[in-house]
Every structure is written in C-alpha cells, then in structure tokens.
Amino acid sequence: MIAQNHSWSDLAAVLPPGPRAAIVAHERVLRGEAIDKVSIDALPPILEMPFALAPWEPPYELATYTDNSVDTASPRTLPPGAFRPFERSVSVELIESDTVGLAVRQLVETWTADSNGHAEVVAAIGTAADAVAALGVGHGSLVEIPLADAMSWLGWSGASGGAHGRRRGAALGRFGALWTLATLLGLTDDWPVPLDELGDLAGDLRWYWWDGGEPVTGWRLQLAVDDRHDGVAWAISARDDT
C-alpha cells in the first residue's frame, strides 16, 4: 500500500535503506518509477534482480489497495475459440523435473502451505501437449501465448495469497517468475543472470495456456512450455479452490 500511494522520491529520505525499503523500491519499479543509482547502491540486493524492468517483461498485474479491500485481478484470459484441442498420447516419456518443480512450488507456496491448493510439474520428451497429457489430462486444449503473457501469469501467481494465504506482493511475484524462467533454461547456477541475456535465451521456449475442460472455481496456473531445440517440454498445474 505504501508503494501504491507514495513515490520512491518521496520515500527514499524517510525509509532506512534495509530489506523493507528494497521491497518498496521494487514495487515502485513495477509501477513505472525509475530508481536513482544512489538509492540502488544503498539498498541490499535481497531479491537479486535489477531495479528496472527489461523490455521483454510484461506490465505485471498489480493489486489495488483500499482501506477495506484489495483488488487482485488476474492477467487477461483468452477466448475459447483461440484454443486448439489435443488428445492424450499413447505413451509419454517422462524426464527429471525436480529443479523446475521446486521453483513452481516455491512460486505458489502460499496456495499450498497457507490455503487449499496443490501444485504439480511434469517434464517429458516431446511437445507441450505431451507434457500436459503426462499430468493425467486425457483430452483438452492449448493456446500459444507470448513470453510476456506467461511471465505475467507466473508473476501474478507468485504475488497472490490464493484463497486463504497472505498476499506476498508483486516484487516477490516478479522474482519468482524470473527464477522459474531461469530454471527452465538451466541457468540457476549462473544466477543472477543479466535480464537481456535471460530474455534472449527465453526465445528458445514456446509457451501455452492449457485447459482441461474443468470449471474454474478459484486460482489457476495452467502453463505448458516446450524447448524447440532440445525436444523437451514441461507442464504446470497449480490451483487453489475457493
């Protein structure tokens, strides 16, 4: 709420330059404010990400706070006609996905630890449809989405408290989205990775939103991603029902 209602230029002189001030500065970055270099040098790098958005990042979804409520609208949804159906493959070869799985579980931890949710990630040889099928989805549909939309969904999920958890905020959501992307690209040992390099490497990935035909009754993160060069794919299913 502080970051929503006050600029960093107003806050810098009154906030001690510690972890809380760094989070506020990151939140101001997400609201379009440039943070001066003197402030950046004084703030601890607690999230290990720049105090500036990369050109390829989306305008992350931000909560709107009032005295009595908070509005946490999800990223844009896609019309049903944009999806293409797929059928479950006869057999899907699974591969190890522990690193990506851990990143996703950390991303939506408030959904699973503080609320009713669960999260699952599978990796498979093949396409995004193969990976979604490996989740146990017998038939469904996919729609390809740009990297910016995928990052917006990841960031929104990481910021959210789900049905009953405490909201963590857009700054932590953005970090979780960037970290998840780094795990998909096998770059965790090199973190922090310059964002221009991360964005260039992310061009090898194709992203999809998938749908299994189930009614939506709460919070959902249903992404699939495939690596066009290595012939592998991942599917993410996280949900927290009301």
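When the chain is treated as a GNM, springs tying every alpha-carbon pair under 10 Å, which of Asp149, Asp71, Asp227 comes out with the largest mean-square fluctuation? Most flexible of the set in this elastic network: Asp71. Here the Karplus relation 6.51 cos²θ - 1.76 cosθ + 1.60, evaluated at θ = phi - 60°, turns the backbone of the stretch 136-141 into coupling constants of x, 7, x, 8, x, 8 Hz, with x for every Gly and Pro.
Approximating the spin labels as points 7 Å out from Cα along Cα→Cβ, the His164-to-His229 distance works out to 4.5 nm.
In a Gaussian network model over the chain where Cα atoms closer than 10 Å are linked, find which of Ala129, Ala103, Ala54 has the largest mean-square fluctuation. Fluctuation is largest for Ala54. Residues in the stretch 142-159 carry Karplus couplings, in order, of 10, 9, 6, 10, x, 3, 4, 5, 4, 5, 4, 5, 5, x, 4, 5, x, 7 Hz; the curve used is 6.51 cos²θ - 1.76 cosθ + 1.60 with θ = phi - 60°, and Gly or Pro positions show x.
Figure the gain on full extension for Val14 and Asp200 (residue separation times 0.36 nm, minus the Cα-Cα span) and round it to one decimal in nm.
Values: separation 186, 0.36 × 186 = 66.96 nm, distance 3.82 nm.
Here the segment from Val14 to Asp200 would lengthen by 63.1 nm.
Here the chain has an Rg and Dmax of 18.4, 62 Å, counting Cα atoms alone. With contacts taken as Cα pairs under 8 Å at a separation of at least 6 residues, the chain carries a relative contact order of 21 percent. Amide H contacts for His118 (H built 1.01 Å from N in the peptide plane; partners 5 or more residues away or on another chain; cut-off under 5 Å): Arg239. Computed from backbone phi with θ = phi - 60° and the Karplus coefficients 6.51, -1.76 and 1.60, the 3J(HN,Hα) list for the stretch 225-240 is 9, 10, 9, 5, 8, 8, x, 10, 8, 10, 10, 10, 10, 10, 8, 9 Hz; x is used for glycine and proline. Listed from fewest to most Cβ neighbours within 10 Å, the set Asp204, Asp230 follows the order Asp230, Asp204.
Among the trypsin sites (Lys or Arg not before Pro) found in the stretch 30-122, those both in a DSSP coil and sparsely packed, with 12 or fewer other Cβ atoms within 10 Å of their Cβ, are Arg76. Panel note: the C-alpha atoms of the stretch 117-208, placed on their principal axes, show extents of 36, 36, 23 Å (largest first). For the chain, modelled as a GNM whose springs connect Cα atoms under 10 angstrom apart, the maximal fluctuation among Gly140, Gly203, Gly173 occurs at Gly203.
Can you give the longest stretch of the chain with no exposed loop site, where a site means GluC sites (Glu not before Pro) in a DSSP loop (not H, G, I, E or B) with at most 13 other C-beta atoms within 10 Å?
Details: sites that count: Glu48, Glu93, Glu96.
Counting at most 13 other Cβ atoms within 10 Å as exposed, the longest clean stretch of the chain is 97-242.
Is there a quick way to get the dipole size of the chain? I mean about its Cα centre, with the Cβ of Lys and Arg at +1 and of Asp and Glu at -1; what is the value in debye to the nearest 20?
On the way: 16 positive and 33 negative charges, 135 e Å.
Here the size comes out at about 640 debye.
Each Lys and Arg adds +1 at its Cβ and each Asp and Glu adds -1 at its Cβ; summed about the Cα centre, the stretch 109-195 shows a dipole of about 380 debye.
Read-outs throughout are calculated quantities, based only on the coordinates presented, and are distinct from any laboratory measurement. Remember, predicted model here, so these are calculated numbers, not experimental data. We place every Cβ from the backbone using ideal geometry, glycine too, and count neighbours over all the protein chains shown.
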